[in-house]
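Undergrad: One structure follows; several queries about it will come next.
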Amino acid sequence: MLRVVVLGAAAGGGVPQWNCGCEGCRAARQDTRLQRTQASIAFSRDGEHWFLINASPDLRQQLNATPRLHPKPGALRHTPIEGVILTNGEVDAVAGLLSMRESSPFAIYAHEKVLAILKSNSIFDVLNEKFVRRRPIALDRAFEPELSDGTPSGLEVLPFIVPGKRAWYLEGKSHPGGSDGVGDTVGLRIADKTSEKYFYFLAACAEVTDELKARISGAPLVFFDGTVWRDDEMIRAGLGQKTGRSMGHIAMSGEDGAIAALAKLAIDRKMFLHINNSNPALLPGTDERKAAEQAGWQIPSDGMEIVL
Ligand SMILES: [Zn+2]
């Protein structure tokens, strides 16, 4: 069995974003049900031992809202979180690690590119390596994450390359892990080794290649990059100069968009994740939301739980 909890579905900044007065952010200030924290999921095969994919700046709030991830009753210090798998080095994927200090043992799994970013930023030394192991993961090499007591988890994680970009704050700067671009953004296939249930996590993806289509076709569940509805929506809304593409994110709509690219693949459940507050598909009742749902996509709320 695989149990997945969507801890947060929003892109960087969340919904509402602290300094944003766009339609989506305004609506979310009026109606808290529309609020979403920054993208992260938790998964487990036994409901007791959990792994996170990415640690968002909202991690503390996400853990408070998720009883499954609280310390077990009677324990003075405990966490069910055995590890965090990082898919990139963006602020919204790594900043939550800083809330995981206090000497609880767990492991961070990331490509060497991303580990190099953590290493070069001394603030991450608050995670004492005596307790928090840092494990490099390699592309196309499946691994079995360990529980914090060293026993095998029974899970299998396969990292693979997806078209993407280096972290935004490293644009035009020297990358502490080297500049070849490989490993800056990875996709993950997560499987329970016993039941062989599996899902894909692709919260950042710049382009759907034929190779990627072949890989995810037939999957029971895919989390996919839902940052923007249209590539230029932030510019059109007067929110900034960034296009989705310039940030390494494919749009939901359009001929080259994610909805069209995945339309013919046999995937049981398709969920958008990492949805920016400028994206009109976030708001119930919009034409964009209806179009996404009619195409078989779900826009998850924080806290949604899925069992495979
Ligand atoms: Zn906004």
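The values are calculated or read from the model by the stated rules, or taken from the named source; none is laboratory data. Just so it is clear, the structure is predicted and the values come from calculations on it, not from any experiment. Here the Cβ is made from the backbone with ideal geometry for all residues, glycine too, and neighbour counts use every protein chain on show. For the accessible areas, the whole protein counts, side chains as well, though only heavy atoms, and no ligand, DNA or RNA atoms are used. Shrake-Rupley method; radii C 1.70, N 1.55, O 1.52, S 1.80 Å.
Undergrad: Return only the number of the condition from (1) in a helix (DSSP H, G or I); (2) more than 15 Å from the ligand (Cβ to nearest atom) that ALA28 does not satisfy.
TA: (2)
Undergrad: Additional query: Name every residue in the stretch 166-181 that is modelled with pLDDT of 75 or more and open to solvent by less than 80 Å² (accessible area, probe 1.4 Å), in order of residue number.
TA: HIS175, PRO176, GLY177, GLY178
Undergrad: Continuing with the same structure: Among the residues of the stretch 39-50, which ones are crowded, with 19+ Cβ neighbours inside 10 Å and either among the basic types (Lys, Arg) or free of Cβ contacts under 8 Å to residues at least 60 places away in the same chain (or both)?
TA: Let us first name the residues in the stretch 39-50 that are crowded, with 19+ Cβ neighbours inside 10 Å, namely 39-45, 49-50.
Result: SER40, ALA42, SER44, ARG45, TRP50.
Undergrad: Cβ contacts < 6 Å: first residue hydrophobic (A, V, I, L, M, F, W, C), restricted to the stretch 265-276; second residue assigned to a strand (DSSP E or B) and open to solvent by 10 Å² or more (accessible area, probe 1.4 Å), any location; separation 6+ or different chain. Result?
TA: These pairs meet every condition: MET271/GLN298.
Undergrad: Right, something else. Name the residue, out of GLN17, GLN61, that is at pLDDT 95 or above, of a type in the set (S, T, N, Q) and assigned to a helix (DSSP H, G or I). Break it down stepwise before answering.
TA: On the way: GLN17 fails: assigned to a helix (DSSP H, G or I).
None of the others qualify; the one that does is GLN61.
Undergrad: Can you find a residue that is within 16 Å of SER301 (Cα to Cα), open to solvent by 20 Å² or more (accessible area, probe 1.4 Å), within 16 Å of the ligand (Cβ to nearest atom) and not polar (S, T, N, Q) anywhere in the stretch 91-101? Spell out the reasoning first.
TA: Initial filter on the stretch 91-101 (within 16 Å of SER301 (Cα to Cα)): none.
No: the stretch 91-101 contains no residue that is within 16 Å of SER301 (Cα to Cα), open to solvent by 20 Å² or more (accessible area, probe 1.4 Å), within 16 Å of the ligand (Cβ to nearest atom) and not polar (S, T, N, Q).
Undergrad: When you scan the stretch 275-293, do you find a residue that is within 27 Å of GLN61 (Cα to Cα), open to solvent by 30 Å² or more (accessible area, probe 1.4 Å), within 18 Å of the chain's Cα centre (by Cα) and not hydrophobic (A, V, I, L, M, F, W, C), even just one?
TA: no
Undergrad: Being in contact (Cβ under 8 Å) with a residue 40 or more places away in the chain, closer than 21 Å to ASP92 by Cα and away from the ligand (no atom under 12 Å from the Cβ) narrows it down to one of LEU2, LEU34, LEU59, so name that one. Quick ask: steps written out before the conclusion?
TA: On the way: LEU2 fails: closer than 21 Å to ASP92 by Cα; LEU34 fails: away from the ligand (no atom under 12 Å from the Cβ).
Among LEU2, LEU34, LEU59, only LEU59 is in contact (Cβ under 8 Å) with a residue 40 or more places away in the chain, closer than 21 Å to ASP92 by Cα and away from the ligand (no atom under 12 Å from the Cβ).
Undergrad: On to the next question. Return yes when TRP18 is within 15 Å of PHE106 (Cβ to Cβ) and either in contact with a strand residue (DSSP E or B) (Cβ under 7 Å, 6 or more places away or on another chain) or of a type in the set (Phe, Trp, Tyr) (or both) and no when it is not.
TA: no
Undergrad: Does VAL15 satisfy the criteria of being touching a residue at least 40 places away in the same chain (Cβ under 8 Å), buried (at least 21 other Cβ atoms within 10 Å of the Cβ), within 14 Å of the ligand (Cβ to nearest atom) and within 20 Å of MET252 (Cα to Cα)?
TA: On the way: touching a residue at least 40 places away in the same chain (Cβ under 8 Å): yes; buried (at least 21 other Cβ atoms within 10 Å of the Cβ): yes; within 14 Å of the ligand (Cβ to nearest atom): yes; within 20 Å of MET252 (Cα to Cα): yes.
Considered against the rule, which asks whether it is touching a residue at least 40 places away in the same chain (Cβ under 8 Å), buried (at least 21 other Cβ atoms within 10 Å of the Cβ), within 14 Å of the ligand (Cβ to nearest atom) and within 20 Å of MET252 (Cα to Cα), VAL15 comes out as yes.
Undergrad: Among what's in the stretch 114-144 and is among the β-branched types (Val, Ile, Thr) and more than 20 Å from the chain's Cα centre (by Cα), pick the residue that is surrounded by the fewest Cβ atoms within 10 Å (Cβ to Cβ). Break it down stepwise before answering.
TA: So the first thing to find is which residues in the stretch 114-144 are among the β-branched types (Val, Ile, Thr), and the list is 114, 117, 123, 126, 132, 137.
If we keep only those that are more than 20 Å from the chain's Cα centre (by Cα) too, we end up with 123, 126, 132.
Details: ILE123: 10, VAL126: 13, VAL132: 21.
Ranking the qualifying residues of the stretch 114-144, first place goes to ILE123.
Undergrad: May I ask you to list the residues in the stretch 233-275 that are over 19 Å from GLY187 (Cα atoms) and within 16 Å of the ligand (Cβ to nearest atom)?
TA: The answer is GLU233, MET234, ILE235, ARG236, ALA237, GLY238, LEU239, GLY240, GLN241, LYS242.
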